[in-house]
1. How many residues does the stretch 29-60 hold that are farther than 11 Å from Val11 by Cβ and among the aliphatic types (A, V, I, L, M)?
2. Considering each of Ser66, Ser53 in turn, give the residue that is among the hydroxyl-bearing types (Ser, Thr, Tyr), farther than 15 Å from Glu81 by Cα and within 12 Å of the chain's Cα centre (by Cα).
3. Does the stretch 12-52 hold any residues that are surrounded by fewer than 16 Cβ atoms within 10 Å (Cβ to Cβ) and in contact with a helix residue (DSSP H, G or I) (Cβ under 8 Å, 6 or more places away or on another chain), and which are they?
4. Restricting to the stretch 1-59, what's the tally of residues that are outside any strand (DSSP E or B) and polar (S, T, N, Q)?
5. Which residue pairs have Cβ atoms closer than 7 Å, lie 6 or more positions apart in sequence or on different chains, and pair a first residue in the stretch 55-78 that is surrounded by fewer than 16 Cβ atoms within 10 Å (Cβ to Cβ) and of a type in the set (Gly, Ala, Ser) with a second residue that is in a loop (DSSP other than H, G, I, E, B) and modelled with pLDDT under 95?
6. If you scan the stretch 16-62, which residues turn out to be in contact with a Lys or Arg (Cβ under 7 Å, 6 or more places away or on another chain) and of a type in the set (A, V, I, L, M)?
7. Can you pull out every residue in the stretch 1-13 that is out of contact with any Ser or Thr (no Cβ under 6 Å at 6 or more places or on another chain) and either under 16 Å from Ser66 (Cα atoms) or of a type outside the set (Val, Ile, Thr) (or both)?
Amino acid sequence: MDEVDGQVTGVGNNQLTLMNERSGQSFNVSVDTNTVFQDFDRSGCTANPADLSCVKVGQILDVDLSANGMGATLAKRVEFEESANHEALK
């Protein structure tokens, strides 16, 4: 799997958890200094550049993934799609 979209169910140190609405599966995704955060200005985040501090529980995100070689899933790109109070359609 190289892309996942879903609702944020948790945010921690250098990681986030997404639940895919269709499958109900949860994904723990790590972020690092190379992760690109896109469209978070639409969420009201003022961090420049956007970073993990912009990610909030309930948001709908689209995440491009890569394996980091140690069995963990790493986000290459995290794109904001919808706020917690909106329903994303794909």
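1. Residues flagged as farther than 11 Å from Val11 by Cβ and among the aliphatic types (A, V, I, L, M) within the stretch 29-60 amount to 4.
2. Just a single option satisfies the conditions, and that option is Ser53.
3. Asn14, Ala47
4. Residues meeting the conditions: 13.
5. Gly58/Ala84
6. Across the stretch 16-62, the qualifying residue is only Val36.
7. The answer is Met1, Asp2, Glu3, Val4, Asp5, Gly6, Gln7, Gly12, Asn13.
The values are calculated or read from the model by the stated rules, or taken from the named source; none is laboratory data. None of the values given here were measured: they were computed from a predicted structure. All Cβ positions, glycine included, derive from the backbone under ideal geometry; neighbour counts span all protein chains shown.
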